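Working notes, beginning with the structure itself.
The values are calculated or read from the model by the stated rules, or taken from the named source; none is laboratory data. Just so we're clear, the structure is a prediction, and the values are computed from it rather than from any experiment. When we count neighbours, we look across all protein chains shown, and the Cβ atoms used for this are built from the backbone with ideal geometry, even at glycine. With ligands, DNA and RNA removed, areas are computed over all heavy atoms of the protein, side chains included. Shrake-Rupley method; radii C 1.70, N 1.55, O 1.52, S 1.80 Å.
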Amino acid sequence: MSLKPVPFGEVPALTARVARAAFPKGTLCMRIRDAVGQVFSDEQFAELFSSRGRAGWSPARLAWVLVLQFVENLTDRAAADAVRSRIDWKYLMGLDLEDPGFDFSVLSEFRDRLVTA
């Protein structure tokens, strides 16, 4: 797996509009994004990945998934499902509503890379 850095960027307009309509007072994820913006960047994880090979999911976003997984006490499978289904998680990570997420096994691989480094 290789790293192709992806800028975190702004929350997509449709994601922001739907999140605000669904949660007018916001959620923890939305407040975090609004207060601190991008905390992690893909470049911080560059040494964990090769420069060649199939591009993996953004490590900055995976780091957020691990944080949210811990906060909500979720299994890897439940956390991966939350990335696909939760509007507030998509808002925090700046994902389009249509983003398909990733297979849950990616989380254990990412944790292994972090521990090894």
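With every protein chain left in place, what is the accessible area per residue of the chain in square angstrom, probe 1.4 Å? Kindly include the intermediate steps, with their values, before the conclusion.
Values: 6640 Å² over 117 residues.
Dividing the accessible area of the chain by its residue count gives 57 Å².
In the chain, what percent of the accessible surface is made up of carbon and sulfur (1.4 Å probe, ligands and nucleic acids excluded)? Each step should come with its number before you reach the end.
Details: 3720 of 6640 Å².
Ligands and nucleic acids excluded, carbon and sulfur reach 56 percent.
In the chain, which longest range has no trypsin sites (Lys or Arg not before Pro) that are both DSSP loop (not H, G, I, E or B) and surrounded by at most 12 other Cβ atoms within 10 Å?
55-117
Not counting the cut sites, what is the longest span of the chain without GluC sites (Glu not before Pro) that DSSP labels loop and that have at most 13 other Cβ atoms within 10 Å?
It runs 11-97.
If you take the alpha carbon radius of gyration of the chain and divide it by 2.2 N^0.38 Å, what ratio comes out, to two decimals?
1.04
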